[in-house]
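The values are calculated or read from the model by the stated rules, or taken from the named source; none is laboratory data. Since we're looking at a predicted model, the values are computed, not measured. Every residue, glycine as well, gets a Cβ built from its backbone with ideal geometry; the counts of neighbours run over all protein chains shown.
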Amino acid sequence: MSKVKYYYDSETLSYRKIERKKGNTIKYGFIFLLAAGLFGFLIVFVASQFIESPRERALKHELTNLQLQYDLLNKQVDNAFAALESVEERDNNIYRLYFEANPIPEEQRRAGFGGVNRYNKYEGFDNSKLIITSNKRIDQLQKAIVVQSRSLDEIAILAEDKEKFLASIPAIQPVKNEDLKHMASGYGYRTDPFTKVRKFHFGMDFTAPRGTPVYASGDGVVKRADSNSSGYGKHIRIDHGYGYISLYAHLYKYNVKANQKVKRGDLIGYVGSTGRSEAPHLHYEVFKDGERINPINFYYGNLTAEEYARLLEKASLENQSLD
Ligand SMILES: [Zn+2]
């Protein structure tokens, strides 16, 4: 119940009730509400500048956590880079060196992405720098891994080829040491057994009894096994690829046919004295790119250092060849 207010009327000398106008009440009420509303709004606005809401606190917490996670991720990227660097170093200094491939230069391994700015979509935020740096590092890492992976593909091919190459070149003595009577004659000037004239002997003669096994000195394909070449008698030619051919002459018998594939150490024939030969022996030649070269440079496959030294000494003696 609202208070009833009075005033003193000096004319009538009596107290009279104050009659309130209805319109005034509404007006004052409205002004009061407006003032209270504005004041309230001001308080909330000012408070919000200094006091966090629970939602803000939660978001802030999450942001801190995200920054922490980014830092951890960057550390992991650094670790991955360190591991990759060690692989790259071995790649350049061991693998590529061994297989005679050029090392991959640092600029190529660490090249970024040129041209348009790939990272402008991350710009304009408080943490833009952190996000852009992290993305750049990961992109670099990915690219470096691709470069390294390609290098290893290349090395794998070279290794496979080198293995094949090493198996192919004529690298063993074609007659077993224990079967040898002696190494009769080496590559170089020798006296011809028939004409007694000094002439160049393009192979090595291994004296051994008739029927002694003769072995392929490297992997390859038998190109010829016939006696249609003057002087050599029954002879075999093996094509080893890479420009190498080996030739085995004056054979008694063949153990292979033309176009047959052979492996190093396969029994291909037997020592004899067919063709222009003075006594049973194997005349052995090695061709490189069509030129006859000294076969003695290839016997690292099945001789000890001592045996090789002895062979070298004997082969260099200028004596009479058996041809
Ligand atoms: Zn000879």
Just the residues that are without any contact (Cβ under 8 Å) to a residue 24 or more places away in the chain and outside any helix (DSSP H, G or I), please, taken from the stretch 123-163. 123, 124, 125, 126
Where the second residue is within 14 Å of the ligand (Cβ to nearest atom) and assigned to a loop (DSSP other than H, G, I, E, B) and the first is touching a residue at least 24 places away in the same chain (Cβ under 8 Å) and more than 18 Å from residue 200 (Cα to Cα) and lies in the stretch 302-323, which pairs have Cβ atoms under 9 Å and are six or more apart or on separate chains? 311/186
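Output the number of residues of the stretch 190-201 satisfying the condition of being within 13 Å of the ligand (Cβ to nearest atom) and surrounded by fewer than 19 Cβ atoms within 10 Å (Cβ to Cβ). Explain how you work it out, then say what you get.
Initially, the stretch 190-201 is screened for residues within 13 Å of the ligand (Cβ to nearest atom), giving 190-194, 199-201.
Now drop any that are not surrounded by fewer than 19 Cβ atoms within 10 Å (Cβ to Cβ), which leaves 191-194, 199-200.
The qualifying residues number 6.
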Near pairs, Cβ below 9 angstrom, 6+ apart or cross-chain, from the stretch 250-266 (over 9 Å from residue 221 (Cα atoms)) to any residue that is in a strand (DSSP E or B) and among the aromatic types (Phe, Trp, Tyr): 251/270; 252/270; 253/270; 254/270; 255/270; 264/215; 265/215; 266/215
Among the residues of the stretch 47-65, is there at least one that is within 30 Å of residue 144 (Cβ to Cβ) and either touching a residue at least 12 places away in the same chain (Cβ under 8 Å) or surrounded by fewer than 11 Cβ atoms within 10 Å (Cβ to Cβ) (or both)? yes
Top-ranked residue in the stretch 177-189 [being away from the ligand (no atom under 14 Å from the Cβ) and under 16 Å from residue 315 (Cα atoms); ranked as surrounded by the most Cβ atoms within 10 Å (Cβ to Cβ)]: 180
So residue 298 fits all but one of (1) without any contact (Cβ under 8 Å) to a residue 12 or more places away in the chain; (2) under 35 Å from the mean Cα position of the chain (by Cα); (3) surrounded by 15 or more Cβ atoms within 10 Å (Cβ to Cβ); what number is the exception? (1)
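Yes/no per residue for (1) part of a helix (DSSP H, G or I); (2) on the phi > 0 side of the Ramachandran plot; (3) acidic (Asp, Glu); (4) modelled with pLDDT under 85:
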residue: 69; (1), (2), (3), (4): yes, no, no, no
residue: 84; (1), (2), (3), (4): yes, no, no, no
residue: 87; (1), (2), (3), (4): yes, no, no, no
residue: 90; (1), (2), (3), (4): yes, no, no, no
residue: 97; (1), (2), (3), (4): yes, no, no, no
residue: 103; (1), (2), (3), (4): no, no, no, no
residue: 114; (1), (2), (3), (4): no, no, no, yes
residue: 117; (1), (2), (3), (4): no, no, no, yes
residue: 121; (1), (2), (3), (4): yes, no, no, no
Counting just the residues of the stretch 209-237 that are crowded, with 23+ Cβ neighbours inside 10 Å and touching a residue at least 40 places away in the same chain (Cβ under 8 Å), which one comes out farthest from the chain's Cα centre (by Cα)? 232
